[in-house]
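Following: one structure in structure tokens, then a few remarks.
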Amino acid sequence: VQYSVAQRKNVRILLVGDAGVGKTSLILSLVSEEFPEDVPPKAEEITIPANVTPEQVPTNIVDYSSTEQSDETLNEEILKAHVVCIVYSVEDDVSLDRITSHWLPLVRNAIGTEQTRKPIVLVGNKVDLIEYSTIDSVLTIMEDFPEVESCVECSAKTLHNISEMFYYAQKAVLHPTSPLYIMEEQD
Ligand code: GTP
Ligand code: MG
């Protein structure tokens, strides 16, 4: 088993997930440290300078919007990203089910035959709306999809775990816990 040890000069984080789960709100909340009441469909790509990131690495954060982008563009963005955050809404079971029925297979397909695995972080947004946790379901997903490095429940509205979410994404690239290079089977 070969582990990824390469030190990166930057980290590119892509947020995907069903419409309305709060991808754009999460990015704008991180940047402005307050919940934006009105959000555009897609946030502009932002670069966070190294000195204000926990791992001291310049970090690009890229939004995705199904209303503004084609499937082809999404595939290209997945290939360019170093880590993909799949966002769901904790109060929307459909968005949670779609992690395994749609998003994880889509990321695998986009990577195709490349010998690298894209680390994934599962992000449950809108915890301000519920009084239970979805982490049990998410841990089950993690057993079946080893590329999922970590998971976090957060709220763009209350800013709960927002900086943690982006830290986990950085960490998944810089300090992955599972091998990200899939070795070819030996005879
Ligand atoms: P698309 O761009 O359509 O794919 O959606 P999106 O994932 O970017 O979601 P967006 O940020 O536009 O948020 C959708 C709705 O959810 C908006 O009305 C937000 O105000 C709301 N929202 C986002 N985050 C939270 C949150 O943490 N808590 C609550 N209560 N509402 C939220
Ligand atoms: Mg959006």
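Brief remarks follow.
- Note on the range 13-39: residues that are more than 8 Å from ligand 1 (Cβ to nearest atom) and touching a Ser or Thr at 6+ places or on another chain (Cβ under 8 Å) amount to 2.
- Checking each residue in the range 94-133 for being more than 20 Å from S163 (Cβ to Cβ) and buried (at least 22 other Cβ atoms within 10 Å of the Cβ) picks out S95, I99, V107.
- Leading residue by the ranking (surrounded by the fewest Cβ atoms within 10 Å (Cβ to Cβ)) among those in the range 8-24 that are over 14 Å from the mean Cα position of the chain (by Cα) and more than 24 Å from S101 (Cβ to Cβ): K9
- Which numbered condition W103 misses (of (1) modelled with pLDDT of 95 or more; (2) within 16 Å of ligand 2 (Cβ to nearest atom); (3) more than 21 Å from V173 (Cα to Cα)): (3)
- Criterion: over 18 Å from S25 (Cβ atoms), surrounded by 15 or more Cβ atoms within 10 Å (Cβ to Cβ) and out of contact with any Gly (no Cβ under 8 Å at 6 or more places or on another chain) - qualifying residue of E147, E91, E143, E72: E147
- Of all residue pairs spaced 6 or more apart or on separate chains, those with beta-carbon atoms under 8 Å, a first member in the range 17-45 that is in contact (Cβ under 8 Å) with a residue 24 or more places away in the chain and a second member that is of a type in the set (K, R) and near ligand 1 (Cβ under 8 Å from one of its atoms) are G17/K23; V21/K126; G22/K126; T24/K42; S25/K157; S29/K157; F35/K157.
- Residue, nearest to S163 (Cα to Cα), within the range 23-46, restricted to residues that are in a loop (DSSP other than H, G, I, E, B) and either modelled with pLDDT under 95 or more than 8 Å from ligand 2 (Cβ to nearest atom) (or both): E33
- Condition check for S89: out of contact with any Cys (no Cβ under 8 Å at 6 or more places or on another chain) and closer than 18 Å to A19 by Cα: yes
- Extreme residue, nearest to ligand 2 (Cβ to nearest atom), among residues of the range 47-72 that are in contact with a Ser or Thr (Cβ under 7 Å, 6 or more places away or on another chain) and within 18 Å of I86 (Cα to Cα): D63
The values are calculated or read from the model by the stated rules, or taken from the named source; none is laboratory data. The model shown is predicted, which means the values in this text are computed figures rather than measured ones. For neighbour counting, all protein chains shown are included, and Cβ atoms are generated from backbone atoms with ideal geometry for every residue, glycine included.
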